[in-house]
1. Quick check: residue separation of Q48 and Q130 times 0.36 nm, minus the Cα distance between them. What number comes out in nm?
2. So if R0 is 35 Å, what FRET efficiency would I108 and I158 give, r being the distance between their Cβ atoms, rounded to the nearest 0.05?
Amino acid sequence: MTEPSDPTGVPQQPAEQPAVQQPADQPLQQPIAQQPVEPQVQQQFDQQAQQQFAQPVQQPMAQPPVHHPVPMAPYPSYSAQFGVAPVPMNNNLGWAIAGILVCWPFGIPSLIKALQVNSLWYQGLPDQAQLSANEAKKWGKVAVIVGASLLGLYILAIVAYFVIVIALFGFAATQVD
């Protein structure tokens with residue numbers, strides 16, 4: 001008798017029967033595989049097995065592997081350092097930008113100090129970062145106040161100029177008549 005094989009031609013080995021546990025009060029019996037089998041029953045079993053294994057087995061279609069997105073690694077957290085909060089403080093960059101736009105001589109130191117805040121914070125120097133943020137705010141306010149004052153003086157000078165020009169031409173026009 002030949003061994004049954006699947007459509008690929010690889011011979012298959014018969015599956016082993018698990019050992020049957022007998023209750024403790026019954027005498028032990030021989031395992032099923034070792035019990036004698038009548039030849040007629042064995043022939044029927046062999047015929048059924050040959051018919052079953054002669055039919056081609058449909059293999060499930062191989063599906064392409066599913067690629068799930070790989071989660072990104074979290075950004076390094078500096079919050080593990082003792083005494084440092086995970087979110088840096090306000091660097092007052094708004095004051096620095098306003099100072100640059102209004103009065104750049106005072107806005108530049110404000111911008112430099114504002115840009116130092118995050119660097120100092122992540123180095124674990126929160127006190128120096130706070131000092132730098134305070135300096136940035138101070139220089140930003142000075143720049144805005146000085147710039148606004150200069151702008152106000154400029155507008156006042158233009159208005160005064162036109163008032164004086166109109167007064168002089170008006171005075172000159174009244175003298176000619």
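1. Details: separation 82, 0.36 × 82 = 29.52 nm, distance 8.71 nm.
Fully extending the segment from Q48 to Q130 adds 20.8 nm.
2. Values: r = 27 Å, r/R0 = 0.78.
Given R0 = 35 Å and the Cβ-Cβ separation, E is 0.80.
Values quoted throughout were computed directly from the atomic coordinates according to the rules given, and no laboratory measurement underlies them. Bear in mind that the values here come from a model prediction, so they are computed numbers and not experimental data. Quick reminder, even Gly has a Cβ in these numbers, built from the backbone with ideal geometry, and neighbours come from all protein chains shown.
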